[in-house]
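Please read the structure below before turning to the comments.
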Amino acid sequence: MMECIESKRQEMIRCGLKKGFTHIETLRLSKELDELLNKNMPKDDDRDIWNNNEKIYNFFNIIQGF
C-alpha cells in the first residue's frame, strides 16, 4: 500500500509542476491520494495503540541522545 501511495504522490507532484497545482488533473490526483491515505489510516480502535507506539518510539529516540 505504501508503494501505491508514494507512486500517486509522485504522479500528483509531476502533474502539479507541469500543469499547475490548481489544474483539474492535479486536483483529481490529490483527491485519489487522499483516499489512499484515508484507507491506510488506523481505525479509531487502533488509533490509541498507534499513538502509544509512536510515543514510545519518540521517547526512545530522545533518551538515546543522552
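The values are calculated or read from the model by the stated rules, or taken from the named source; none is laboratory data. None of the values given here were measured: they were computed from a predicted structure. Note that we place each Cβ from the backbone using ideal geometry, even for glycine, and neighbour counts take in every protein chain shown.
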The stretch 15-66 - residue that is among the aliphatic types (A, V, I, L, M), at pLDDT below 75 and surrounded by 10 or more Cβ atoms within 10 Å (Cβ to Cβ) and, of those, nearest to E3 (Cα to Cα): I49
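Counting only residues that are of a type outside the set (A, V, I, L, M) and more than 11 Å from the chain's Cα centre (by Cα), which one in the stretch 5-14 is surrounded by the most Cβ atoms within 10 Å (Cβ to Cβ)?
Filtering the stretch 5-14 for residues of a type outside the set (A, V, I, L, M) gives 6-11, 14.
Add one more test, that the residue is more than 11 Å from the chain's Cα centre (by Cα), and what stays is 7, 10-11, 14.
On the way: S7: 12, Q10: 12, E11: 15, R14: 12.
Taking the candidates together, the pick is E11.
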Pull out all pairs, ordered by first then second residue, where Cβ-Cβ is under 8 Å, the residues are six or more apart or on different chains, the first lies in the stretch 21-38 and is outside any helix (DSSP H, G or I), and the second is at pLDDT 90 or above. H23/C15; H23/G16
